[in-house]
Each structure stands twice: as C-alpha cells, then as structure tokens.
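Read through the structure below, which is laid out as structure tokens, and then see the notes.
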Amino acid sequence: MCGIAGAVYAKTVSAAQAEALIFDMNMALGHRGPDASGDYFDHNNSVVLGHTRLSIIDLSSLGLQPMHSFCGRYSITFNGEVYNHKQIKAKLVEDGFVGHFKSTTDTEVVINAISFWGIEKTIQILTGMFAFCVLDANTGKVSLVRDRTGEKPLYWTRTAEGFFFASELKALLAVVHPKPVICERAIKLFLGYGYIPAPTTIYSDIHKLCPAQILTFSNGEVFTEIYWKPECPQPPLLCGEGSFSEEQLPYIISQQIQRSIEQQMDVDVPFGALLSGGLDSSTVVALMTRVSGKPVETFSIGFDDENADESIFARQVAECLDANHNELRVTSDDFFDELTSLPKIYDEPFSDPSQLPTVLLAKFARQKVKVALTGDGGDETFLGYERYRKVERLWRIKSKFPQLFNNMLSIVAGKLTSLSANLGDPFTQRTLIKLEKLKWLTTCRNLSEFYAIYTSFWMGDDISESINDYANRHLKNINCTDQTSFPDSNPNFKLANFDLSTYLPDCLMVKTDRASMSVGLELRSPFLDHHLIELYRQTHESILVNMSGKKVLKKILSDYLPINLIDRPKMGFAPPIGPWLRGPLREWSHQTLRSSVLIEAGFVNRVQVERKFKALNNGDLSQQYQIWNLLMFENWALDKNVIFA
C-alpha cells in the first residue's frame, strides 16, 4: 500500500517545473509511503510519475517505484496489493514471457503482464485492491485504473498546466493553482449522506475515479470505461436444480473465504486483524486462525458507554479463538482531541461517526503490525443490511400498487402531522424528517431513486433533487442497479450492488483507507475478493430464502464459536455520538453551529438547525447524525479556511 501521483504537463510548464511538481505531490503523500519515495521523468512525453512506498512484499530496494516493464516500453506507479501475483507470474512464464524478474513484488508482475497481454486482459485477472497509472512510452498514453470495489482511492483533474492524478486530494491541492472552487452539488450530497459519492468531490474541477473504472488520457482527451460489474449469471449457476444444495453452501463459501485470507496473509511483515466481535470480523479471525494454525494478533476498541461498547464481545471471541488480543479503551476526551486531525486525514467533508474510532484503532494496531485484515464488505457481499429487506417490501408494493402506496403514505403523513401538532418537540422534529422522506418516496420513479432517498438522512427539496439526479445520472452510468443484471425476484442483489458501487467505496473504504494510511497501516478485506462476491451472487433464489441476513456466515462460525456470540443483535462500530453531543461535546457543538458557514451561505436554515439541536439536547437521538453531519462540515471548513462569497 502506497501513495501515487503524476502529471502530463502542458507545453507552458518546463521540465524543471514538472519535476518540482512531482516532488511536492510526493511530499504530500509521505504518510501513505513512509518507507521510501521515488519519481520518474519522461520529458519526451511530458510525463512525470511519483510514488511513496509502504513496504509489504520484498522489502528490498528492488521493490522501489515507479517501475518499468522488462521491454522498457511501460512504466507504472502502483498503490495496493495484487494477491494472486504469484499465479499470474507463473502464467506469464507458461505463456512464453522471456523476460526476467528483478524482485518478488506484485508490481513488477503487473507491469510485465501489461506489456505481454495488454492492460485490458491484465486487469481482468488481477485479484486485489489497487489504484495505478501506466505510461506507454511509445504512444504517450497514460492509463489510470482503480480496483473493482474501490478499496484504493484515485483522484484526477485537468488545469491549464496539464492533467494531474494522485491517491489523495491533498497531493493535487499542493500543485493546482488557483485553489479549486467548492462544488455546491457536493455539499448537498454530503448533507444527504455524510460523504461525497464518486465521481464528485468537494471541488468542482477535481474528480474521483470510480470503482472498476479505467481512465485513458491520450492526445489531450479523457476516455473512461467500466471493466467489471457484480452481475448475476442468467440463470444462476450455484445451488440450482442438479447442483449444490443449501447444506453445501456454507462449506463452499468458507473455502473461498479461506483462499482469499490465505492470499492476503502472504506478507513479509507482521500482520493481525481488527476484531469488533461482530459477525464479519469474527469470521475473518476464525478462518485466519484455521489457515495459519497459530494465534492471530487482534485489535479492538472500547467506549465508556455500554450501549455502544462491543469490546466485551471482542474479548470473548478472541478468547474462544485463542487470539493474542489487544484492546484500546477510549473516552469522549480522546475523540475530542482527535477532531482537529480529521480534515487533514480525510481532505474533504466526511462524517461517518466511526471514522474517529477507526483512526484511533489504526494508531493502536500500527504499534504491533503493518498489515491487518478486516471484516469490511460482509454486509454488501452477503446482503447483511436489514434495509435491503425493508426497501424490497416497500418497492414491491409501490411497483404493483402505486396509487395504494401513495395513499398509504399520505395517510401516514397525515397521522404524523396530527400527532406532531399535539405532542410538539422533540416529536415534531422526528415527524418533519419522516414527512420529508415520505413525500420524496412517493415521487421516486425507479429503484435507484427509491433507495437513494431511503438511505439519506437530511432532506429538503434541493438536497433531494440532487440525490435523485445522482441516482439517475451517475448510477445509471455504472449500472449498479441495472434491471437486466438480476431477475425481478432478486431485488436484494440490486440494492447490495448499489452499496458496492457507492456506500462501500465512497464511505466505508474512504474511512478505513485514510485512517489506516495516515499511520502507515495496510488494511485488507477478504470479503471484497471479487471471486467471493460473484460466487455468492450465483446462489439460486430458493437457497437465499433461507440464507438471507448473513445466515451463511453464522453457519460457518458455528464451527468455531458458541451460539451466544453468533446470534446477537448487530451493533455497528460507531461511538455514542448522541450522548456525547448532549454532554461533554455540547459546548463545542453549540459554538461551532453558531458560526456555521453553511447557515451563512444559505445551504441550511438556522431556525431548522437550532430546532434540531434543541431536540437532540431534549433526548431526541434521531437528530444526532444530522447534527454530526453539520459539525463535520464546519470542522473541515474551519481547517480549510472556507468562506462562501
């Protein structure tokens, strides 16, 4: 895992200036690659490439980047890990590759595979997490590639000085002048979700490369294409008539997870796992123990609020699995001390409350290991979120009986309005949120719109319109809920694929990548192996009826843990934000919102915000994430000195 950067510079930029640019970009990415840095200049093609290295495989200087193909035509700067690089290397030799390898790194295998097979064929056989740039010296063409589920980030922009790309926004901001303009649409999407979905960023002219996307820059033009989608074969292949049975499914899935874990544990540095005690991370640790045959180094975090503290379960799971367990206890003071660092780590507004414990846990784990496996992606891969079932039921009613659905919601809205008038705050605020959402759900024209509105938590006409536009324009382009991908009887997969293309890469992976890379820790997610994602999507509908809600993982875990640690309510990883905002963080919250740039600029209404804050302080925790959203934007704006004209 590393940091990458580069530029195709304009004729107005001198070679010396271009070299200075890549130096500045590398400096901005030093935290991602604290072990070494490098650069490469191809002034014939006006290209400069940069790299900062976090050494995981082949710790010698032979692994330094940028790296070049054996034939000398192609150069690469690579971030991430290709877990099947040994198999690809063997296949290259088998197919007649006559070059030799100087190192045992995955990067050298990738660049030589590209030189031998071409970039399109090569990326189809890569298993892993990655974001990289390849330069073809013969044509001057530059290609950017991002992994299938967006585990590794990549940003790009065009200015009068050229085409630029980097692993993080801060590297682009170090060289792009004048400072980019704030994107108003991004603010509205942030208010709706707490993160900014790709390809949008907080800056109008800077873009995220989408998951599973290739961008080609050639002769001054940008071309993009999607190379993978998590589709279901038609008809489903697994567990159908004459094939595997329901009883065999846990074994089949377990074997694939173990293959993924075995590949991801193949490192030359100390490794461990982040263990929350939940179903996903417990499965990973159990199978890591099985694969390695020895105790796993595990890390967890505990809060001072028992309603949000899952650490007791992590300890019990670790004890059952004979893990070497490490636990960090934190309080609201620890979180408050970390608040000012968040804008520097995340670069743009980001408000997932679990970013705070993730940052602290990454620092804690990095004291002992350099690589840690996680349970991220379990819900998206195995349809674990209960909201999939809820939305499916609602959407079926709306699709078959649209008038009945709208009438039902109108009746509910009327009841809520009446109750709100009689009961007052804090009931009024909860009612207003529900009324706004109900109103917009009745207008949704497709499943993308419906799910996008359902999962948002700050409503308003302008925000909802931005969400609908995003759902139709961008999500249609990446086909994440393509009606042809799954039969009508399987809408849960459509919703899970929505999350695989949006919530997972734009929220969950942003949270873990920035937090871990800020301290030089590499996190790996076995559940995001695309072979596993595709395998589960081949499961026949008749089997999924009895295997929904991650029951397949519960079956697997039953061989390792007692039932009381398996079959319990999902808690999540968020700290007790609501109680803290009402208690130790109340004064900070109040002062921050009093000087809100969003209020001054008219993005949100001051009276509405004050009502929400009052309702929260009166015990209405339904307001906590909306208030936290605003606070995280203001925290970012203060750090970046944002002022709206």
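The values are calculated or read from the model by the stated rules, or taken from the named source; none is laboratory data. The structure displayed is predicted, hence computed values, not measured ones. No Cβ is skipped: glycine too gets one built from the backbone with ideal geometry, and neighbour counts run over all protein chains shown. Side chains are part of the model used for accessible areas, which takes the heavy atoms of the whole protein and leaves out ligands, DNA and RNA. Shrake-Rupley method; radii C 1.70, N 1.55, O 1.52, S 1.80 Å.
The magnitude of the dipole of the range 504-603, with charges of +1 and -1 set on the Cβ of Lys/Arg and Asp/Glu and taken from the Cα centre, is near 380 debye. Its residues counted as N, the range 547-612 yields a C-alpha radius of gyration over 2.2 N^0.38 Å of 1.94. Rg/Rh for the range 367-411 (Cα atoms only, Rh after Kirkwood) is 1.41. Annotation: amide H of Asp205 within the under-5 Å range of Val181, sequence separation 5 or more or interchain, hydrogens built in the peptide plane. Couplings 3J(HN,Hα) of the range 105-117, computed from phi: 7, 6, 4, 5, 5, 4, 5, 6, 5, 5, 5, 8, 9 Hz, in residue order, whole Hz [Karplus 6.51 cos²θ - 1.76 cosθ + 1.60, θ = phi - 60°; x for Gly and Pro]. Rg and Dmax of the range 324-407, both derived from C-alpha coordinates alone, stand at 20.1, 59 Å. Working from Cα pairs under 8 Å separated by at least six residues, relative contact order for the range 512-645 is 19 percent. Of the residues Cys183, Cys320, the one with the largest accessible area comes first in the ranking Cys320, Cys183, computed with a 1.4 Å probe on protein heavy atoms. For the listed peptides 145-155, 48-58, 99-109, 171-181, a ranking on the average number of other beta carbons within 10 Å per residue, highest first, reads 145-155, 48-58, 99-109, 171-181. Would you work out the charge dipole size for the range 506-558 about its Cα centre, treating the Cβ of every Lys and Arg as +1 and the Cβ of every Asp and Glu as -1, and quote it to the nearest 20 debye? For this selection, approximately 300 debye. In order along the range 351-359, the phi-based Karplus estimate (6.51 cos²θ - 1.76 cosθ + 1.60, θ = phi - 60°) of 3J(HN,Hα) comes to 10, 4, x, 6, 4, 5, x, 5, 4 Hz; Gly and Pro are listed as x. What the phi angles of the range 22-29 give under the Karplus curve with 6.51, -1.76 and 1.60, with θ = phi - 60°, is a coupling list of 5, 4, 5, 5, 4, 4, 5, 10 Hz, glycine and proline written as x. Put the Cα centre of the range 254-299 next to the Cα centre of the range 67-126 and the gap is 27 Å. Among 560-566, 206-212, the peptide with the highest mean count of other Cβ atoms within 10 Å heads the list, and the full ranking is 206-212, 560-566. Compactness check for the chain: Cα Rg over 2.2 N^0.38 Å is 0.96.
Dipole of the chain computed with +1 at Lys/Arg Cβ and -1 at Asp/Glu Cβ about the Cα centre; of Leu189, Cys133, Ser69, farthest Cα towards the positive end is Leu189. Protein heavy-atom surface of the chain, 1.4 angstrom probe: 52% of the accessible area is carbon and sulfur, with nucleic acids and ligands not counted.
Where the alpha-carbon atoms of the range 175-306 are placed on the principal axes, they occupy 57, 50, 36 Å, in descending order.
Only Cα pairs under 8 Å and at least 6 apart count here; give the relative contact order of the chain as a rounded whole percent.
Answer for the chain is 16 percent.
Separation of the range 531-592 from the range 36-51 is 44 Å, based on Cα centroids.
Scattering from the range 492-619 was approximated by placing one identical point on each alpha carbon and applying the Debye formula without solvent; log10 I(q)/I(0) at 0.10 1/Å stands at -0.61. For the set Lys170/Lys494; Lys400/Lys612; Lys363/Lys550; Lys344/Lys494; Lys398/Lys437, the pairs lying more than 26 angstrom apart at their alpha carbons are Lys170/Lys494; Lys400/Lys612; Lys363/Lys550; Lys344/Lys494.
If you place +1 on the Cβ of every Lys and Arg, -1 on the Cβ of every Asp and Glu, and leave all else neutral, what size is the dipole of the range 1-108 about its Cα centre, to the nearest 20 Debye? Numbers along the way, then the final one.
Working: 8 positive and 11 negative charges, 23 e Å.
For the range 1-108, the charge dipole is close to 120 debye.
Specify which residue in the list Ser143, Gln124, Thr104 is farthest towards the positive end of the charge dipole of the range 95-153, using unit charges on the beta carbon of Lys, Arg (+1) and Asp, Glu (-1), about the Cα centre. The Cα lying farthest towards the positive end belongs to Ser143.
Dividing the alpha-carbon radius of gyration of the range 11-144 by the rule-of-thumb value 2.2 N^0.38 Å gives 1.05. Amide hydrogen proximity for Thr159: with H placed 1.01 Å from N in the peptide plane, the residues at 5 or more positions away or on another chain lying under 5 Å are Phe164. When both the range 183-232 and the range 618-645 are represented by their alpha-carbon centers, they are found 24 Å apart. With the charge dipole of the chain set up from +1 on Lys and Arg Cβ and -1 on Asp and Glu Cβ about the Cα centre, the Cα lying farthest toward the positive end among the listed residues Leu581, Val330, His85 is that of Leu581. Peptide packing: for 73-80, 117-124, the average count of neighbouring Cβ atoms within 10 Å per residue gives the ranking 73-80, 117-124, highest mean first.
Return the Rg/Rh ratio of the range 104-201 with Cα-based radii and a Kirkwood Rh.
Here Rg/Rh amounts to 1.03.
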